[in-house]
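Enquirer: Quick one: this structure, given as structure tokens, is what I'll be asking you about.
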Amino acid sequence: MSTWIDISQRLDEQVATWPGDKPFSYKVSWSKEESGSVNVGHISMSVHTGTHIDAPFHFDNEGKRVIELDLDLYIGCSRVIHLPNRTNIGVTDLANHDLQGVTRLLIRTDAWKDRSVFPETIPPIQPEIATYLSGLGIRLLGLDLPSVDPLDSKELSAHHELAVHGIHILEGLVLDGIDPGNYELAALPLPLVHADGSPVRAALKKIP
């Protein structure tokens, strides 16, 4: 029987965050000794910490917020492909992969070697990939990277082009050792009403 594989980053004080963003913290704010019955903790973090989804509001003031997103985007059949040793990812990198019938595409790049350290560079997505993926019917793009755009980008061209073509973004996956193929994906965001993103617990189960 296939089992679920956790492809999420662990959330503790060692998780890498965007430079200048809120660091992760978990603390017990009400201990069992104080309450007489339970430990109660609280967390402090950016919604873009670790494995997370971007809502369009993240880069567009008129874009949808997390609560407005279609849950079907984040659960169902997906395809994992492996594109190592790239400086960027464009249409030519996908041309040799059969993506017909794929709704959720996950790209393993192996470019983020140490997830306790925020990377200096990544292989970004070329914006024109959005038209290509949309033509195939892909609605969710996931990567083992903290962004689909260059880390120093202010224009966020890939974010915007993907949104224009109705493709949503899942970032910060842990795809080390995940073989290319078809999987069931579960990566549901929290029901955050006003948020521009959400952490997710992402998992895959191999489809025989």
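Enquirer: All but one of (1) at pLDDT 95 or above; (2) out of contact with any Asp or Glu (no Cβ under 7 Å at 6 or more places or on another chain); (3) farther than 18 Å from residue 180 by Cβ hold for residue 116; which doesn't?
Expert: Residue 116 satisfies all of (1) at pLDDT 95 or above; (2) out of contact with any Asp or Glu (no Cβ under 7 Å at 6 or more places or on another chain); (3) farther than 18 Å from residue 180 by Cβ except (1).
Enquirer: Residues in segment 42-61: is at least one out of contact with any strand residue (DSSP E or B) (no Cβ under 7 Å at 6 or more places or on another chain), without any contact (Cβ under 8 Å) to a residue 24 or more places away in the chain, within 24 Å of residue 149 (Cβ to Cβ) and not aliphatic (A, V, I, L, M)?
Expert: Yes.
Enquirer: If the Cβ limit is 7 Å and pairs must be 6+ apart or interchain, which residue in segment 7-36 that is touching a residue at least 40 places away in the same chain (Cβ under 8 Å) pairs with which residue that is loosely packed, with under 12 Cβ neighbours inside 10 Å and of a type in the set (A, V, I, L, M)?
Expert: Sorted first by the residue in segment 7-36, then by its partner, the pairs are 16/117.
Enquirer: Let me ask another. Looking at (1) in contact (Cβ under 8 Å) with a residue 40 or more places away in the chain; (2) touching a His at 6+ places or on another chain (Cβ under 9 Å); (3) buried (at least 23 other Cβ atoms within 10 Å of the Cβ); (4) not polar (S, T, N, Q), which is the one condition that is false for residue 130?
Expert: (1)
Enquirer: Now for a separate question. Filter segment 169-190 for residues that are within 15 Å of residue 48 (Cβ to Cβ), in contact with a helix residue (DSSP H, G or I) (Cβ under 9 Å, 6 or more places away or on another chain) and not in a strand (DSSP E or B) and give the result.
Expert: Those that are within 15 Å of residue 48 (Cβ to Cβ), in contact with a helix residue (DSSP H, G or I) (Cβ under 9 Å, 6 or more places away or on another chain) and not in a strand (DSSP E or B): 187, 190.
Enquirer: Further, regarding this structure: Listed residues 198, 157, 153; which is closer than 25 Å to residue 127 by Cα and either of a type in the set (D, E, K, R) or within 15 Å of the chain's Cα centre (by Cα) (or both)?
Expert: 198
The values are calculated or read from the model by the stated rules, or taken from the named source; none is laboratory data. Not measured: the values here are computed from a predicted model. As a convention, Cβ positions derive from the backbone with ideal geometry for all residues, glycine included, and neighbour counts pool all protein chains shown.
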